[in-house]
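These notes concern the structure reproduced below.
The values are calculated or read from the model by the stated rules, or taken from the named source; none is laboratory data. Just so you know, these numbers come straight off a predicted model, no measurement behind them. All Cβ positions, even for glycine, are placed from backbone atoms using ideal geometry, and neighbour counts span all protein chains on display.
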Amino acid sequence: MKVKVNDIEVSSENIVSVYDAIKEAGLMTRDVIAASMDGKTVELTKKAEEGCALTPLTFCDEEGKDVFNHTASHILAQAVKRLFPESKLTIGPAVESGFYYDIDTDVSVTPDVLDKLEVEMRKIVKENLKIERFTLSRDDAVKLMKERNEDYKVLLISRIPEDEEVSFYRQGEFVDLCAGPHLFSTGAVKAFKLTQCTGAYWEGKSENKMLKRIYGVAFPSKEMLSEHLTMLEEAKKRDHNKLGRELELFTTSELIGQGLPILLPKGARIIQTLQRFVEDEEQKRGWQLTKTPYMAKSDLYKLSGHWDHYRDGMFVLGDPEKDKEVFALRPMTCPFQYQAYLNKGRSYRDLPLRYNETSTLFRNEASGEMHGLIRVRQFTISEGHLMCTPEQLESEFAGCLDLAIYMLKTLGLYEDVSYRFSQWDPDDRDKYIGTAEQWNEAQSVMKNILDDLGINYKVGIGEAAFYGPKLDIQIRNVFGKEDTLITIQIDQQLAEKFGMEYTDKDGTKKNPYIIHRTSIGCYERTLALLIEKYAGAFPLWLAPVQVKILPIGDAQSEYAHGVADRLSSLGMRVEVDDRNEKIGYKIREAQVTKIPYMLVIGANEVENGTVSVRSRKDGATTVMTAGDFADAALEEIRTKRI
């Protein structure tokens, strides 16, 4: 058999499995845990195919880590079935942060139960059980799962397409329905930790049963686990969900509902500052502000395609089966801004036409997916839609990307992001509108643009919007979970659906290209990332309270308020702490609440007309006039110094 391993040609009659091929190439080490065969992740026991291209994978590779974590989830499931045999298994995938398994059980999964599960998992690892894949006919597969009382697995089997085989994995007495791939044995999972148990609805739908979702992390060595747990402890200190509440930036209420945070005065001030900054910058770059309704009739969403492709994620007002008119809260602004374009006839001279909007949107996120300000049901976004000619497409796309990069650099987030070229999945046609030719053309155009701009991106198959490909600017929170912060999308389909045209130079009617974009993304998500980035110690221009004035006693109170009035008149956000407390207590409290500058005022400062400036950064104190401090602080704000 002939194969290629990392571009090394290997020919040997000893090659049967992927493991054999990698070994023949001299590249097999104990770190290799899986492989990529012609771009698809496979286990080492997989039969090698003639002429295939193989790449060894280790835990350091994203695909290898997924295989490792997936095996860890099966070890967890086996431990659950050993300790609580009446429990029913659902799904147990690898995720960015490790793995989880959703379980239908009446057992209250307390920390003590997690400890017991870990003990049983260690036994399974020590047993070093061989992990074997096997397939069954559909009828035999259903019979096996019914015998094991696994109702959810029976349902999942019924959803497997007829042309796909039904595969299982066995380790010892444990058998699970699974497409794989997996490690060779349970003994490879040297270190792990079950981190928490939360509730999660089956299939993420609130009308379904609430399951127990057990999360965990796994590593090839105890040292790696220890480093990860230390990182998690540090991350908890920066977690926006904890720190944002402690700093009184936002709160939540069960009476209002999950995924509907309340921005408190300090958090609202930061969002207001960001919005003003974004809208002013967009105006400088030729964007025209619109304000459109929060809801529309279902007719609008049917025309755009959202009704067919996104309705489960929308809040629908009314009964489509009974009511003459049904409305829905908007999940995005594009079809609304198209109506602004259609307000009058357009010529090529009107293009590019750039519409921006600070849009409040509504999406019916699953309860298990929501988290603090990162993923919510109502949010505000810096949204924009740009109509242009084909000749203008690349330069306008570059302009949208330049705007996004400018925002990221100003906020100090630029070094933390990565790029994903999100494409359609031709094997999932129901998810998208348009023809294969239209998608291939749009993706080819976008690829040329991204390559010309020198963007270093990964490809995400199946991550495109239902109407077109997009560039997703990705970022991770403190726990390592990746989310999309900013998107720029190319759309050559919705203009035709909405009858959006322009008269070209030759007098013919043509449909414009549309670029969908955000400049700073979702404001709530951005605020969450900024809280974590700066651990609540925001740059001066963003800080909700920029200066805290601390008079030592009542005799300095009048002077302190005079300084506060002067700074406030210059646009600075100032508070005076004139409580009857010791100055050390006031300073410590200002430090805990992350105030950038404290102005301490005693008898000498009043007599000399000065202030003692104490910086949050180093605690050093400098005496200067209030005017000199104002000049320096305003320059720091103007330049948005980080």
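Number of residues in the stretch 384-395 that are at pLDDT 95 or above and crowded, with 21+ Cβ neighbours inside 10 Å equals 5. Within the set P181, P161, the sole residue that is part of a loop (DSSP other than H, G, I, E, B), assigned by TED's automatic domain parsing to the domain that holds I75 and touching a helix residue (DSSP H, G or I) at 6+ places or on another chain (Cβ under 8 Å) turns out to be P181.
Of all residues in the stretch 381-401, those satisfying the criterion of being part of a helix (DSSP H, G or I), in contact with a strand residue (DSSP E or B) (Cβ under 7 Å, 6 or more places away or on another chain) and either closer than 21 Å to Y338 by Cβ or not assigned by TED's automatic domain parsing to the domain that holds Y502 (or both) are P390, L393, E396, F397, C400. Put simply, of I91, I75 the only residue that is within 21 Å of V166 (Cβ to Cβ) and either modelled with pLDDT of 95 or more or in the same structural domain as T29 (by TED's automatic domain parsing) (or both) is I91.
Please work out if T508 is surrounded by 23 or more Cβ atoms within 10 Å (Cβ to Cβ) and among the polar types (S, T, N, Q). For T508, the condition - surrounded by 23 or more Cβ atoms within 10 Å (Cβ to Cβ) and among the polar types (S, T, N, Q) - is not met. Has the stretch 334-348 got any residue that is part of a strand (DSSP E or B), modelled with pLDDT of 95 or more and of a type in the set (K, R)? Looking for residues that are part of a strand (DSSP E or B), modelled with pLDDT of 95 or more and of a type in the set (K, R), one finds none in the stretch 334-348, hence no. Quick one: is L156 surrounded by 10 or more Cβ atoms within 10 Å (Cβ to Cβ), in contact with a strand residue (DSSP E or B) (Cβ under 7 Å, 6 or more places away or on another chain) and farther than 23 Å from D428 by Cα? Judged against the criteria, L156 is not a match. T58 satisfies every condition listed in (1) farther than 26 Å from D38 by Cβ; (2) surrounded by fewer than 23 Cβ atoms within 10 Å (Cβ to Cβ); (3) of a type outside the set (D, E) except (1). Checked against (1) surrounded by fewer than 19 Cβ atoms within 10 Å (Cβ to Cβ); (2) in contact (Cβ under 8 Å) with a residue 12 or more places away in the chain, V18 meets all criteria but (1).
Give the stretch 477-495 a look and list any residue that's of a type in the set (S, T, Y) and under 10 Å from the mean Cα position of the chain (by Cα), or say none. Listed by number, the list holds a single entry, T484. The set of residues in the stretch 577-611 being β-branched (V, I, T) and either farther than 23 Å from D628 by Cα or in contact with a Pro (Cβ under 6 Å, 6 or more places away or on another chain) (or both) consists of I583, V592, T593, I601.
Among the conditions (1) assigned by TED's automatic domain parsing to the domain that holds E173; (2) touching a helix residue (DSSP H, G or I) at 6+ places or on another chain (Cβ under 9 Å), S108 misses just one, which is (2). Are any of the residues in the stretch 132-144 assigned by TED's automatic domain parsing to the domain that holds R213 and touching a Phe, Trp or Tyr at 6+ places or on another chain (Cβ under 6 Å)? So far as the stretch 132-144 goes, yes, one or more of its residues are assigned by TED's automatic domain parsing to the domain that holds R213 and touching a Phe, Trp or Tyr at 6+ places or on another chain (Cβ under 6 Å). Kindly indicate which of I103, I124 is among the hydrophobic types (A, V, I, L, M, F, W, C), within 15 Å of S73 (Cα to Cα) and assigned to a strand (DSSP E or B). Among I103, I124, only I103 is among the hydrophobic types (A, V, I, L, M, F, W, C), within 15 Å of S73 (Cα to Cα) and assigned to a strand (DSSP E or B).
For (1) farther than 22 Å from E282 by Cα; (2) surrounded by 13 or more Cβ atoms within 10 Å (Cβ to Cβ); (3) of a type in the set (S, T, N, Q); (4) touching a helix residue (DSSP H, G or I) at 6+ places or on another chain (Cβ under 8 Å), each residue gets a yes or a no:
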| site | (1), (2), (3), (4) |
| --- | --- |
| L317 | yes, yes, no, no |
| K322 | yes, no, no, no |
| L329 | yes, yes, no, no |
| T333 | no, yes, yes, no |
| F336 | no, yes, no, yes |
| A340 | no, yes, no, no |
| L351 | no, yes, no, yes |
| N356 | no, yes, yes, yes |
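Taken together, the residues in the stretch 184-215 that are assigned to a loop (DSSP other than H, G, I, E, B) and surrounded by fewer than 18 Cβ atoms within 10 Å (Cβ to Cβ) amount to 7. Under the condition of being surrounded by fewer than 17 Cβ atoms within 10 Å (Cβ to Cβ) and in contact with an Asp or Glu (Cβ under 7 Å, 6 or more places away or on another chain), the residues counted in the stretch 590-642 number 0.
Suppose we keep only residues that are small (G, A, S) and under 20 Å from the mean Cα position of the chain (by Cα) within the stretch 226-275. Which one would you say is surrounded by the fewest Cβ atoms within 10 Å (Cβ to Cβ)? So the residue we want is A235.
For A404, the conditions (1) small (G, A, S); (2) part of a helix (DSSP H, G or I); (3) surrounded by fewer than 19 Cβ atoms within 10 Å (Cβ to Cβ) are fulfilled apart from (3). On the basis of being aliphatic (A, V, I, L, M), surrounded by 15 or more Cβ atoms within 10 Å (Cβ to Cβ), without any contact (Cβ under 8 Å) to a residue 60 or more places away in the chain and not assigned by TED's automatic domain parsing to the domain that holds F134, does A48 make the cut? It is true that A48 is aliphatic (A, V, I, L, M), surrounded by 15 or more Cβ atoms within 10 Å (Cβ to Cβ), without any contact (Cβ under 8 Å) to a residue 60 or more places away in the chain and not assigned by TED's automatic domain parsing to the domain that holds F134. Listed here are the strands (runs of 3 or more DSSP E) enclosed by the stretch 567-618 that have at least 3 residues being at negative phi and free of Cβ contacts under 8 Å to residues at least 24 places away in the same chain: 610-615. Among the residues making up the stretch 286-331, those that are without any contact (Cβ under 8 Å) to a residue 40 or more places away in the chain and among the hydroxyl-bearing types (S, T, Y) are S298, Y301.
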